[in-house]
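As structure tokens, the structure follows; a few thoughts come after it.
The values are calculated or read from the model by the stated rules, or taken from the named source; none is laboratory data. Just so you know, these numbers come straight off a predicted model, no measurement behind them. Positions of Cβ are backbone-derived with ideal geometry, glycine not excepted, and every protein chain shown enters the neighbour counts. Areas reflect the complete protein model, heavy atoms only, side chains present, ligands, DNA and RNA absent. Shrake-Rupley method; radii C 1.70, N 1.55, O 1.52, S 1.80 Å.
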Amino acid sequence: MAKVKKAFFCRSCGFEAPKWLGKCPSCGEWNTFTEEIIAKESSSTPSVTLAGIMPAVKPLKIGDIHEENRKRIDLGNSEVNRVLGGGMVPGSLILLGGEPGIGKSTLSLQIALAANSLKTLYVSGEESAEQIKMRAARIGIGNEECLIYPETLLENIVRQITEQHPDVVIIDSIQTIFTEMIESAAGSVSQIRECAATLLKYAKTTGTSIIIIGHITKDGTIAGPKILEHIVDVVLQFEGDNNNIYRILRGIKNRFGATFEIGVFEMLDNGLRSVDNPSEILLTHYEEPLSGIAVGAAADGVRPYLIEVQALVGGAAYGTPQRTATGFDTRRMNMLLAVLEKRVGMKMFQKDVFLNFAGGFKVADPGLDLAVVAAVISSYYDRPILDGVCCAGEIGLSGEIRPAPRTEQRISEAARLGFKRIIVSGYLPKDIKKPKGIALITINSVDQLPKALFME
Ligand code: TYD
Ligand code: MG
């Protein structure tokens, strides 16, 4: 009888245990353990092995190591290059995560097709070569050197990489590839971990850059990206609202650069287009002033942009008021509403509050607190905010207005888009630089905000 070796793995963090557990001792999640076969003792020898394919490495004297590898690769896509910190580092392993249908395959195929001077290999475990060709024809084929390879067996993929010597390899997706070294099914924790570790070793020893695509659901339940986060060099997250055309590429981890950069894209019929000027799409021009609308100067990353916030405050029909925020943290919104209740005396406890950011954007910038509160105040009093006013500031629990990071850039962006006034924290340095044509309105606490929003 063949001896089967099994173990239990946490689908959330990859923790391994000999028996089933209700709660993961590593990440604290409940009900995430699944049983997986790791090895069958008597199973036939794998048809292909990695020994012999994987290059061997030897220790080197530090003086003999050349730094030419530090040169970054231009991927032919300005937004992706910027999020990576100025191009891709050779030999890096990048994880591109996102919900199904968000556009990960489109973006990565577009990278493979646009990187003109590079040899790219696009490995797909999800689509046939014909399907990929159809998609490529829609996007536009710029790089004739792009190789398409529908395959799911890791050993074959590594063999092809060794034979073809591509500069960039894209694996779409890690959940569909498997290695014969492990018995469990593709997409299981042990498969994902083993495949990623092999690819990492390969990328580091040969200098080939590898982009791995990983599906992640809203609550992150599908095994994969979470487990891979510590293995890879760079984690990029592709996010957006499926019902909207705008997508954000966010750097979450980057061993070679900063992580606060974002790239903005628009999903069109012919693929994703970079949005160089996010402010222009995130602001709506209304015929007449409306209440409940405020404009915030955001700075997610080094590039500032202006974004519209909409709030609707209404009497709660039932005992418990409804609070919903789209694109903004609901807990943070509740905190801000509590501050309004306590410091401004607004009766928020009887009110339903709905909050929405333009373009289906998700924002995590505390500098937008002031804009959120401004929209709520405007809707509460049903009074439009003065034309040409925007806000940038963080709100503390005692209602104090704190300076938002990189306020100078936010002010310049607001001025560039023709705003006449910007409401900021009174605690900013007095000598802050500002362009002509925009006035700073400084407030120290949130109770001064209504006056700044409504009085000429
Ligand atoms: P896809 O890249 O397949 O998503 P993922 O790999 O993240 O699962 O893209 C999915 C959506 O993108 C699909 O619903 C159709 C849309 N799309 C366009 O709108 N325009 C295009 O040119 C392409 C290729 C896709
Ligand atoms: Mg896909």
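What to note about this one:
- The alpha carbon centroids of the stretch 371-407 and the stretch 6-22 are separated by 47 Å.
- Sites K5 and L147 - FRET efficiency at Förster radius 45 Å, r taken between beta-carbons, to 0.05: 0.75
- Charge tally for I139 (other residues, Cβ to Cβ under 12 Å; Lys, Arg +1; Asp, Glu -1): +3.
- Heavy-atom accessible area per residue - the chain, 1.4 Å, Å²: 47
- In Hz, Karplus ³J(HN,Hα) per residue of the stretch 445-456 (6.51, -1.76, 1.60; θ = phi - 60°; x = Gly, Pro): 9, 5, 5, 8, 5, x, 4, 5, 7, 10, 9, 4
- With each label modelled as a point 7 angstrom along the Cα→C-beta vector, the H285-A364 pair spans 3.4 nm.
- Structural descriptor for the stretch 281-383: relative contact order 41 percent, calculated from alpha carbon pairs under 8 angstrom and at least 6 residues apart.
- Relative contact order computed over the chain (Cα-Cα under 8 Å; 6+ residues apart), in percent: 12
- Shape of the chain, Cα gyration tensor, a/c cut at 1.5: prolate
- Label-point separation in nm, T205 to D269, each point 7 Å along Cα→Cβ: 4.9
- The loop-placed GluC sites (Glu not before Pro) in the stretch 89-184, going by DSSP, that have at most 13 neighbouring Cβ atoms within 10 Å of their Cβ come out as E144.
- Computed lengthening from D447 to I252, 0.36 nm per intervening residue step minus Cα-Cα distance: 66.6 nm
- The stretch 365-434: C-alpha gyration tensor shape, a/c 1.5 cut-off, then a/b vs b/c: oblate
- The angle separating the long axis of helix 369-380 from the principal Cα axis of greatest extent in the chain is about 50 degrees.
- Rounded to the nearest 20 debye, dipole of the chain from Cβ charges on Lys, Arg, Asp, Glu: 1180
- Take the Cα of L60, step 7 Å toward its Cβ, do the same at T330, and the gap between the two points is 5.2 nm.
- Candidate residues D167, D382: accessible-area rank, largest first, probe 1.4 Å: D382, D167
- Annotation: amide H-H contacts under 5 Å for A404 (H modelled 1.01 Å from N, sequence separation of 5 or more, or interchain): E394, S425.
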